[in-house]
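One structure is given here, and the rest of the page talks about it.
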Amino acid sequence: MKDRVADFWREDAPVDPVKHTMRPIVTGTSVLGVKCVDGVVIAADTLGSYGSLARFRDIERLMKVNDNVLIGGFGDYADFQHIMKLLNQQTIDDAVIGDGVYRDAPSIHNWLRCVLYNRRTKFNPLWNTIIVAGNTYTGEPYLGYVDKIGVSFEDRSVATGFGAYIAQPMMRRALEENPNMTCVQARELMARCLKVLFYRDCRALNRFHIGVVTRAGCEISGPLSTDTDWSIGANPSGYE
């Protein structure tokens, strides 16, 4: 035992190589978000996929940061848990200071951009895309997007994963037809989009959470589900 301890403290002792995450392991799929006239609505299902295996069916990928900000995470769930831990500590630090100042949605969005870009520059990225929903200091609705290499923007509707191809066109069309969409209408839109994703995305599940942020505060409801009808599977043609 003494020899092993001595070997450990030798200057020429062998050192394990630095190990980085080369690919995500347990992953969550699409996160959707829509900015409305009276707030912001985001949604994500509860499935954690281990490769192609629907391994964990009851994970929550929406997080309440404070009374004015929610985030949703796409990608590696362990990395998202790490981000949630960092944000929880920030919230605790703000409460300890006790000056009444809180971090609004743009602040959280910019902070996440810096964190994700910093990890990317170290060639050890956090394998996540984060959706930030909340209010600004003036009470205006805010919806932002940031991916694992630090690319960030804000928009009226955002989606990650397969939802960027399937759900995003549905949300954009709904906003074009109804520019003054309310949070109640946006919840119905989220449920419809997630239902389509359940039909089309093999990494999706028909259980989901919906988060709503308004001037009055924020809440996460669920898990919820929608009625499905797999008899429509006989309708598509041309794939025989």
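The values are calculated or read from the model by the stated rules, or taken from the named source; none is laboratory data. Treat the numbers as computed from the prediction; the structure is a model and nothing was measured. In this analysis, Cβ positions are derived from the backbone assuming ideal geometry, glycine residues included, and neighbour counts consider all displayed protein chains. Heads up: the accessible areas ignore ligands, DNA and RNA and are worked out on the full protein's heavy atoms, side chains in. Shrake-Rupley method; radii C 1.70, N 1.55, O 1.52, S 1.80 Å.
Where in region 105-166 are the strands (runs of 3 or more DSSP E), entirely inside, with at least 2 residues that are open to solvent by 70 Å² or more (accessible area, probe 1.4 Å)?
Result: 152-154.
Quick one: count up the residues across region 167-196 that are touching a residue at least 12 places away in the same chain (Cβ under 8 Å), of a type in the set (S, T, N, Q) and not in a helix (DSSP H, G or I).
So the count comes out to 2.
Kindly indicate the residue of region 197-230 that is small (Gly, Ala, Ser) and in a loop (DSSP other than H, G, I, E, B) and also nearest to Val65 (Cα to Cα) among those meeting that condition.
Ala216
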